[in-house]
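Have a look at the structure below before the remarks.
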Amino acid sequence: MVRKLTRFVALALASVLRAQTTVPIPIDAHCVDPSGGPVAGVEFGDLWSCADGVWRPGFQCPDPNEPLRLVSDATGHVAGTWILSPIGTPLLGWNRERTLVAFVAPTHDPATHESFVRGPIAMRRAVRVRCSLRTTATVAHHRLVVAWTATGPVAPGHEPMRHWFAFSDSRAEFEIALPEGHYELLAGAGSGAALPRTLVLGPAHEVLELGPISVPLPALDLIGEVLPDWHVTHARKLAPEEATLGRFRGKPLLIQFGEFGNPPRLDQASRDALGRLAIHPRRDAFHVVLFGSTRDWLAGLPERPPHPEFDRLFPRPKAPEPPIESLFPLLSDESGTTESRYGVLTFGAALLDEDGRLLLRGDTATAIAALEKRLADRR
């Protein structure tokens with residue numbers, strides 16, 4: 001069940017990388033309470049994050065010049081444009097007191113192909129859910145994924161629709177409001193995820209105290225600790241017997257994670273930055289290793305014609321520059337052993353010190369900047 005729900009969320013997030021498109025959904029609706037009266041101050045969002053104890057709505061792909069704000073007025077009316085992201089999460093609406101809540105999914109007109117939110121939005125009684133996440137090390141981000149299966153008729157040959165919301169917080173304590181129903185709660189911290197919890201929220205609950213949830217952390221969350229050795233099934237530019245993490249002791253090590261097969265997934269800016277490391281004036285003072293899948297996802301398919309959007313997401317190396325896959329050792333583990341130890345290995349970079357201790361895990365630019373600083377400090 002953990003792998004199923006985790007894969008569900010991972011696939012949803014992967015869709016953002018593969019199809020950076022959005023759908024504008026016009027909203028012209030009214031929020032009403034169980035008695036039919038208007039509800040003012042209902043705030044809607046498709047992701048929620050907490051800062052300084054205040055929950056704020058988030059949208060996957062807003063226009064930075066026109067931030068979205070969907071809040072019902074004194075008459076309960078809410079209007080605007082909801083930018084539905086590729087992830088396709090519904091909206092969650094809370095009133096100011098967090099006593100009423102509503103889930104909103106767009107209606108699709110098969111005749112006009114228009115999606116919209118109109119008419120009454122029925123607010124339902126809310127149940128407060130409280131929990132705290134426990135980890136073995138300090139991490140920056142905690143999250144809850146609340147998932148449930150939608151009720152209603154299902155077309156022949158189709159499975160029931162799965163919905164989910166993501167909540168994030170810089171602290172380990174959560175208090176969220178949900179309507180009565182059955183849910184699966186997946187708690188996470190850093191790159192780790194706990195076993196799913198089944199929530200049953202009924203009329204007897206005003207507040208459900210879940211207590212602590214322990215979240216196991218993979219190695220790439222354990223800053224300051226010696227990284228455990230990886231497991232390698234394939235190696236390029238390095239003899240198999242030398243493809244161990246210990247072989248790179250004695251110098252700082254930058255590890256770039258990604259998918260290095262076909263199509264390449266690493267963005268051009270990261271490729272350019274890694275290319276500059278290959279000709280760095282102090283190249284002999286550090287190691288660089290690429291780690292990730294080398295599978296050719298397009299094997300056997302005809303060569304694709306040029307396409308601007310696909311070329312942006314899966315850039316070809318710029319000629320005549322050699323691809324970075326030819327500049328550094330490239331290791332992969334098709335068994336999944338390394339991913340089970342380290343966490344997600346499809347993006348980002350890690351920097352280790354001379355003794356193999358993890359200094360940071362982040363994006364490529366941040367890791368390279370930290371490496372440059374370390375080299376400058378050790379002059």
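The values are calculated or read from the model by the stated rules, or taken from the named source; none is laboratory data. The model shown is predicted, which means the values in this text are computed figures rather than measured ones. Cβ coordinates were reconstructed from backbone atoms using ideal geometry, including for glycine residues, and neighbour counts include every protein chain displayed.
Data for the structure
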| read-out | value |
| --- | --- |
| Among (1) modelled with pLDDT of 60 or more; (2) closer than 30 Å to Arg265 by Cβ; (3) surrounded by fewer than 16 Cβ atoms within 10 Å (Cβ to Cβ) - the single one Ala14 does not satisfy | (1) |
| Test: residue in the stretch 284-292 that is exposed (fewer than 12 other Cβ atoms within 10 Å of the Cβ), more than 24 Å from Glu334 (Cα to Cα) and not hydroxyl-bearing (Ser, Thr, Tyr) | yes |
| Any chance Leu266 is part of a loop (DSSP other than H, G, I, E, B), in the same structural domain as Ser340 (by TED's automatic domain parsing), touching a residue at least 40 places away in the same chain (Cβ under 8 Å) and among the hydrophobic types (A, V, I, L, M, F, W, C) | yes |
| Qualifying positions in the stretch 320-342 - exposed (fewer than 14 other Cβ atoms within 10 Å of the Cβ) and hydroxyl-bearing (Ser, Thr, Tyr) | Ser326, Ser335, Thr337, Ser340 |
| The listed residue being buried (at least 18 other Cβ atoms within 10 Å of the Cβ) and either among the small types (Gly, Ala, Ser) or under 30 Å from Ala219 (Cα atoms) (or both), out of Ala155, Ala150, Ala177 | Ala177 |
| Lone qualifier among Thr136, Thr107, Thr151, Thr99 - being over 30 Å from Leu359 (Cβ atoms), polar (S, T, N, Q) and touching a residue at least 24 places away in the same chain (Cβ under 8 Å) | Thr99 |
| Qualifying position, being at pLDDT 80 or above and of a type in the set (Lys, Arg), among Arg378, Arg312 | Arg378 |
| Criterion violated by Gly250 - all others in (1) small (Gly, Ala, Ser); (2) in contact with an Asp or Glu (Cβ under 9 Å, 6 or more places away or on another chain); (3) part of a strand (DSSP E or B); (4) modelled with pLDDT of 95 or more satisfied | (3) |
| Residue among Leu345, Leu351, Leu371 that alone is buried (at least 17 other Cβ atoms within 10 Å of the Cβ), under 25 Å from the mean Cα position of the chain (by Cα) and outside any loop (DSSP other than H, G, I, E, B) | Leu351 |
| Strands (runs of 3 or more DSSP E) fully within the stretch 80-119 counting 1 or more residues that are in the same structural domain as Pro34 (by TED's automatic domain parsing) and surrounded by fewer than 18 Cβ atoms within 10 Å (Cβ to Cβ) | 107-109 |
